[in-house]
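K.L.:
Have a look at this one before I ask anything.
The values are calculated or read from the model by the stated rules, or taken from the named source; none is laboratory data. These figures come from a predicted structure and were not determined experimentally. Methodologically, a virtual Cβ is constructed for each residue, glycine included, from the backbone with ideal geometry; neighbour enumeration extends over all protein chains shown.
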Amino acid sequence: MDEHNTTRHSVDDYYPKPDPAPDYMDSGNSEPEPDYRSRDNSGTYQYNQESSGADQNTYDSYSQTSQEWITCPKCGSRIPAASNFCNLCGYRFENSQEIPFPLHDVRIDGYLVDDIANFVAVNYQPYLVKFQKVTSGKFSFNWAAAIFSSRWLAYRGMFRHAFFLTLIFGAISTVVSFFISLILYRADVSAITQSSLNQINMLFYALYIGLGLICGILGDSFYWKYTKRYLDRFRCQGREAVSNLKLARSLKAAGGYRVGYLGLIILFDLTYSEALSSLMIYFLERVA
């Protein structure tokens, strides 16, 4: 097959809603006008009248032969009438039959973006871009991870990561607090100035900002590895680009967000901080 006449897709093709049904579907015509597309390296569509219809992408071919379309009541996308759920937002249609239909054959590291979107669920669009950057070795920064750290990890289901990060953050903060408090206990109170207290506060701010930046830099990488681990459990890598309602439901159940994990990590963080503070006071009174 001529590579120039083959439709190429990237993750960017996945975000826009599907194009409306071709005009011939609405007008009742039985055959579409020839419209053979190919894409050059710059990502611009070019139309070649000499191309063969056999060179069409599987998804495009399916769209051209399907005679019935429906509109998703949740996101407004137009999708094939045989669909069991919306391919973009995941809306489940009542009284639908399990009739597989072709998906966008767009992948990240061998995983269909549809499967990744089903697992990530909430706000999946930017994470497709982030995962592609991580896979390509490019820099990706996550502001939510930088600001909320362990709480973001727990919210995204990575409870073990959140647990160990809370332990590390708490331990580092307690050690720094202990030595600063020890210096203040042994120092002459009259020698302690407001400038000294401000410097101590700045030290704590720098510590938390630094730890947050580290979490922001590593957050997308952690999440991508976590996502791939679950996708591998369901054997998603390299699978055929065909809808699978059972798989979609399983991925949604396994992924998404975890409010319960978030509550647990907040409770643990508060309890852990109080325990470390009490322990610090105990040792401080013994050595001061």
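K.L.:
Which numbered condition in (1) more than 23 Å from Ile209 (Cα to Cα); (2) more than 21 Å from the chain's Cα centre (by Cα) is the only one that Ser181 fails?
P.N.:
(1)
So that you can scan it fast, the table gives a plain yes or no per residue for (1) outside the structural domain of Thr166 (by TED's automatic domain parsing); (2) part of a helix (DSSP H, G or I); (3) free of Cβ contacts under 8 Å to residues at least 60 places away in the same chain:
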site: Asn198; (1), (2), (3): no, yes, yes
site: Asn201; (1), (2), (3): no, yes, yes
site: Leu231; (1), (2), (3): no, yes, no
site: Arg235; (1), (2), (3): no, no, yes
site: Lys252; (1), (2), (3): no, yes, no
site: Leu262; (1), (2), (3): no, yes, no
site: Leu267; (1), (2), (3): no, yes, yes
site: Leu279; (1), (2), (3): no, yes, no
